1. How many residues does region 127-143 hold that are in contact (Cβ under 8 Å) with a residue 24 or more places away in the chain and over 13 Å from the mean Cα position of the chain (by Cα)?
2. Mind counting the residues in region 69-88 that are more than 19 Å from residue 147 (Cβ to Cβ) and part of a loop (DSSP other than H, G, I, E, B)?
3. Please work out if residue 111 is buried (at least 19 other Cβ atoms within 10 Å of the Cβ) and of a type in the set (Ser, Thr, Tyr).
4. If you check 85, 59, which single one turns out to be surrounded by fewer than 18 Cβ atoms within 10 Å (Cβ to Cβ) and either more than 13 Å from the chain's Cα centre (by Cα) or at pLDDT 95 or above (or both)?
5. Just checking, which of 91, 36, 66 is in a loop (DSSP other than H, G, I, E, B) and closer than 13 Å to residue 135 by Cα?
6. Determine if region 37-50 includes at least one residue that is under 21 Å from residue 122 (Cα atoms), hydroxyl-bearing (Ser, Thr, Tyr) and crowded, with 19+ Cβ neighbours inside 10 Å.
7. With respect to residue 71, is the statement that it is charged (D, E, K, R) and at pLDDT below 90 true?
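The values are calculated or read from the model by the stated rules, or taken from the named source; none is laboratory data. These figures come from a predicted structure and were not determined experimentally. Cβ placement follows ideal geometry from the backbone for every residue including glycine, while neighbour counts extend to all protein chains displayed.
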Amino acid sequence: MLLQNYSTLRFLLPLLLLLCCGCQKYTLEKLPAERVHFGNSGGFTGEIREYILLLDHGKILFNNPVTGVLEKMGKMPKEELTALKAALTTVDFAAGNNQPGNMNTLLVYHTAGQTRRLQWSGPKNAPDEAAGHCFGVLMSRVRSLRESN
């Protein structure tokens with residue numbers, strides 16, 4: 001009997017650990033150091049739509065302005081994540097004047113203990129071609145995740 005209970009416990013313990021680790025709750029104060037914040041704001045309503053890509057494993061979160069909760073949206077495929085990481089290293093974060101307009105686009109890269117930020121007016125007026133490309137890839141993935149849900 002004891003041996004049977006031990007076998008059951010050996011089977012269930014890893015399963016329980018996997019379930020508990022998969023339920024990690026993220027907050028703005030408790031995020032991995034390597035990440036990208038992106039989104040847009042402004043317009044008539046002044047609405048802010050911010051997303052966060054966790055670069056270590058590709059999870060994408062939505063910062064819900066109504067609830068204040070970071071909602072898990074899904075993941076970026078590994079190949080796409082690898083390409084995006086390479087593209088982010090080519091963005092000239094000094095290129096933008098970071099002046100807000102009526103409609104604003106935001107790209108913030110947190111890496112190696114540094115925060116690099118670009119903000120520009122409208123999604124098509126990126127101050128740097130690489131920044132526009134990265135933002136386009138990120139928003140395309142968000143649209144794809146929203147459509148699949």
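1. First, pick out the residues of region 127-143 that are in contact (Cβ under 8 Å) with a residue 24 or more places away in the chain: 127-128, 130-131, 133-135, 137-139, 141-142.
Still in the running and over 13 Å from the mean Cα position of the chain (by Cα): 127-128, 130-131, 133.
The qualifying residues number 5.
2. We begin by selecting, within region 69-88, every residue more than 19 Å from residue 147 (Cβ to Cβ); these are 69-70, 78-79, 81-88.
Next, only the ones that are part of a loop (DSSP other than H, G, I, E, B) stay: 69.
The total comes to 1.
3. Details: buried (at least 19 other Cβ atoms within 10 Å of the Cβ): no; of a type in the set (Ser, Thr, Tyr): yes.
Taking the combined requirement at face value, the residue does not satisfy it.
4. Numbers: 59 fails: surrounded by fewer than 18 Cβ atoms within 10 Å (Cβ to Cβ).
Only one candidate passes the filter, namely 85.
5. Working: 36 fails: in a loop (DSSP other than H, G, I, E, B); 66 fails: closer than 13 Å to residue 135 by Cα.
Every option except 91 fails the conditions.
6. Going residue by residue through region 37-50, those that are under 21 Å from residue 122 (Cα atoms) are 37-50.
Adding the requirement that they be hydroxyl-bearing (Ser, Thr, Tyr) leaves 41, 45.
With crowded, with 19+ Cβ neighbours inside 10 Å added as a condition, the list becomes none.
Within region 37-50 (the criterion being under 21 Å from residue 122 (Cα atoms), hydroxyl-bearing (Ser, Thr, Tyr) and crowded, with 19+ Cβ neighbours inside 10 Å), the answer is no, since none of the residues qualifies.
7. Working: charged (D, E, K, R): yes; at pLDDT below 90: no.
The answer is no for residue 71.
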